[in-house]
1. Just name the residue that is surrounded by the most Cβ atoms within 10 Å (Cβ to Cβ) out of those in the range 261-286 that are at pLDDT below 85 and farther than 23 Å from Ile243 by Cα.
2. When you look at Ser54, is it outside any loop (DSSP other than H, G, I, E, B), out of contact with any strand residue (DSSP E or B) (no Cβ under 6 Å at 6 or more places or on another chain) and crowded, with 16+ Cβ neighbours inside 10 Å, yes or no?
3. Out of all the residues in the range 517-537, which are part of a loop (DSSP other than H, G, I, E, B), without any contact (Cβ under 8 Å) to a residue 12 or more places away in the chain and over 28 Å from the mean Cα position of the chain (by Cα)?
4. Please pick out the residue among Thr234, Thr220, Thr177, Thr197 that is of a type in the set (Ser, Thr, Tyr) and touching a Phe, Trp or Tyr at 6+ places or on another chain (Cβ under 7 Å).
5. Those residues that are modelled with pLDDT of 90 or more and aliphatic (A, V, I, L, M), I need them from the range 287-322; list them, please.
6. Does Asp337 fit the bill of being of a type in the set (D, E, K, R) and surrounded by 15 or more Cβ atoms within 10 Å (Cβ to Cβ)?
7. Of all residues in the range 307-340, count the ones that are aromatic (Phe, Trp, Tyr) and not in a helix (DSSP H, G or I).
8. Among the residues of the range 1-49 satisfying the criterion of being charged (D, E, K, R) and part of a strand (DSSP E or B), which is nearest to the chain's Cα centre (by Cα)?
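The values are calculated or read from the model by the stated rules, or taken from the named source; none is laboratory data. Only a predicted model underlies this, so the values are computations on that prediction, with no experimental measurement involved. Positions of Cβ are generated from backbone atoms using ideal geometry, with glycine treated the same way; all protein chains shown enter the neighbour counts.
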Amino acid sequence: MCRIAGIISKTLNQNQLLEKVGLMCDTMARGGPDDVGIFSNENESLVFGHRRLSIIDLSINGHQPMADINQKVWITFNGEIYNYLALKAQLLAAGMDFCSNSDTEVIINSYLLWGVSAFAKLRGMFAFALYDIEKGITILVRDSTGIKPLYYYCSNGILTFASEIRAFKAAGIATDTDHSWPVRFLAFGHIPEPFTTLKNVFSLKKGHYLLWHQDKSVFTLNQFFPDAKEEFITNDTDAKAYIRSSLKAAVNRQLVSDAPIGVFLSGGVDSSLLSLLANQQQEQNLKTISIFFNEASYDERAYQNNVLDQINGEKFTHLVQQKDFELFFPKIISDMDMPTTDGINTWFISKYAHDDGLKAVLSGVGADELFGGYPSFNRIKYLRYLRMMPSVLFRGMNYFQTDKYRKMSFLAREHHLADYLLLRGLFVSTDIARILDMDANEVNKILFNEPDFNELRSYTKEHAAWFETNLYMQNQLLRDTDVMSMSHGLEVRVPFLDEDFQLAVWRISPRIRFDSKQPKKLLIDSFKEVLPEMTWNRPKMGFTFPLQEWMGKHREISDVNLYKGTFARNEALRFKRGNMHWSKMFALYQIQKHV
């Protein structure tokens, strides 16, 4: 797990390239505190950089950028390949040579043997750049779920890539602001892919690779991980057996590490299940990290302790209070890389995991999306009926006072993102226009300029799963988890997003996979012999902090005079009176600081 960067440019001399890539790596040093490396090829005007967080093969043999034995291919790699030992056995049988025990070298030799078809064989979370000297090409690759970030900039014959947006600015490569980002941020609570805060800097799409031709300075984008199209499993017993075997395998291979590893334990179903399954593999060595609060309605210690009583390894617990939020708030804002309304919880638990000596942890991200754990899975059926009404009827809904009615004004637009924003959006278009002092039509043009997915008109639980996976989890949960954890030099692994486990779940008939009365019923029923009833027979909380109260007491966030314009100040007053959710206030606060 690392941070990567690189530049290919015939308009800059090699010293300039080296300087800029060095600056990019220095900017991302916290994500790779163990080592730094640079590869330079003057003939191709190319420099790759790497900051290393050592997890597998802690020796100098794992140093990057790395090449094969014959130095035909160079790589700078961020992530983990969990099936690298199985792939290595195949490669050795095919006569490939190795000089390290790293998963990085497995990627190189896989590419040398199988070409770009090797990418679909990888099981893990990864973002990497490969330079093929003989073919004169560079390939940027991102994992099939988009767990690891990879941003790129292509302009005037230059290809630049990095793991964080701040690296482009540090190098002076891309410094122009994309002035559309505040609109998207106020609507979504994050900046949805492929967009960023910088003009012409984009996120590489998950399951894709960018192929850059050195001689022509042009690129193509290609998909390497096909969508699953197999027959459904329609038998409940078979489905549960399939889930049990697949998840146990995923947890087992994601525990592979040469550095200390643990599990985030919040007390909910997902983290509790991972902790108990990991404990079966690790026995005495499993470490768990938990957070608790003095605020009674957020305190999950009873649920955490119920699981911890069944685990024999080290158990780290940490109390987080308002004073901790106040103390670390400036650092949290700084570590975001791009504005977001999430990630505070991940920042704190990552800090404590790092302080407790861990370098890698398992997290329960992904289970809600796969098994229907969010309210949207039941709410989406109402969208079907709303969409039967003429869209013109929703144009005046923004005049209502209550947010849930105001957000129905999104349905004036015939677009799948309008459906999503009704379910999860923050500010409506007219309010965004008021905050940013712009025309509402221009706001809508920005929000709904992407192609509409007409096939997203079923309004079923599968439809909700697509929204939660490809919009909410992709753009918010995974990005925030990565940037906040790596700011502490910590790797977060997500077994529920293991490629083979996801493929297994997608094969299960939606009739069995989702349940209207009990969220994640199939997952729970599959592990009834493992999960205590106290864990699953309880109201869903999610991994949440008392942010409504903490932000309400935060001197700057709650300062009405900070906000520009009548509408923004009135919104701040609404928040102080308890009439607005903290996520909207947090978004408004960040806009005031950035715009």
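1. If we take residues in the range 261-286 being at pLDDT below 85 and farther than 23 Å from Ile243 by Cα, then Asn285 is surrounded by the most Cβ atoms within 10 Å (Cβ to Cβ).
2. No, not satisfied.
3. Step one: of the range 517-537, the residues part of a loop (DSSP other than H, G, I, E, B) are 517-520, 527-532, 537.
Now drop any that are not without any contact (Cβ under 8 Å) to a residue 12 or more places away in the chain, which leaves 517-518, 528-529, 537.
Answer for the range 517-537, where residues must be part of a loop (DSSP other than H, G, I, E, B), without any contact (Cβ under 8 Å) to a residue 12 or more places away in the chain and over 28 Å from the mean Cα position of the chain (by Cα): Lys517, Lys528, Glu529, Asn537.
4. Values: Thr234 fails: touching a Phe, Trp or Tyr at 6+ places or on another chain (Cβ under 7 Å); Thr220 fails: touching a Phe, Trp or Tyr at 6+ places or on another chain (Cβ under 7 Å); Thr177 fails: touching a Phe, Trp or Tyr at 6+ places or on another chain (Cβ under 7 Å).
None of the other options fit; the residue is Thr197.
5. Hits for the range 287-322 are Ile289, Ile291, Ala302, Val307, Leu308, Ile311, Leu319, Val320.
6. Details: of a type in the set (D, E, K, R): yes; surrounded by 15 or more Cβ atoms within 10 Å (Cβ to Cβ): yes.
Answer is yes for this residue.
7. Number satisfying all stated conditions: 1.
8. Applying the first criterion (charged (D, E, K, R)) to the range 1-49 yields 3, 10, 19-20, 26, 30, 34-35, 42, 44.
In the following step, the residues that additionally are part of a strand (DSSP E or B) were identified as 3, 35.
On the way: Arg3: 15, Asp35: 24 Å.
Out of the qualifying residues, it is Arg3.
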